[in-house]
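First the structure, in the form of structure tokens, and then the observations on it.
The values are calculated or read from the model by the stated rules, or taken from the named source; none is laboratory data. Given the structure is predicted, the values throughout are model-derived calculations rather than measurements. Heads up, the Cβs are rebuilt from the backbone with ideal geometry, glycines too, and the neighbour counts pull from every protein chain shown. Each accessible area value is taken on the protein alone, full model and side chains, heavy atoms only, with ligands, DNA and RNA left out. Shrake-Rupley method; radii C 1.70, N 1.55, O 1.52, S 1.80 Å.
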Amino acid sequence: MSITIKVNTNGPLMISAADAPSVNLTDADGNVIPLPEGKNVFLCRCGASSRKPFCDGAHKSAAFDGTCVTAVQNLG
Ligand code: FES
């Protein structure tokens with residue numbers, strides 16, 4: 001089974017509610033971080049969230065530029 005992680009434009013990484021039960025999210029020590037059940041999961045990639053590793057919407061007021069086109073182009 002493949003799991004899709006979507007890079008939202010200038011926002012968080014999203015794991016769908018359907019895929020989330022197959023994901024194990026841990027902290028740096030390997031401790032499991034519970035995911036909300038039955039909901040899409042949004043992981044902060046801007047660094048401004050007060051609920052890390054989850055997004056709290058702070059990327060909007062931080063005017064986060066999450067452009068990753070260059071990184072994607074460099075993979076190929
Ligand atoms: S991506 Fe939303 S608060 Fe960081």
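Quick notes on this structure:
- Close pairs (6 angstrom Cβ cut-off, 6 or more residues apart or separate chains): closer than 17 Å to Thr26 by Cα and hydrophobic (A, V, I, L, M, F, W, C) in the stretch 36-47, within 13 Å of the ligand (Cβ to nearest atom) and assigned to a strand (DSSP E or B) anywhere: Phe42/Met14; Leu43/Leu13
- Counted residues, the stretch 45-56 - those being near the ligand (Cβ under 6 Å from one of its atoms) and under 12 Å from the mean Cα position of the chain (by Cα): 5
- Failed item in (1) modelled with pLDDT of 95 or more; (2) open to solvent by 40 Å² or more (accessible area, probe 1.4 Å), with Val41 passing the rest: (2)
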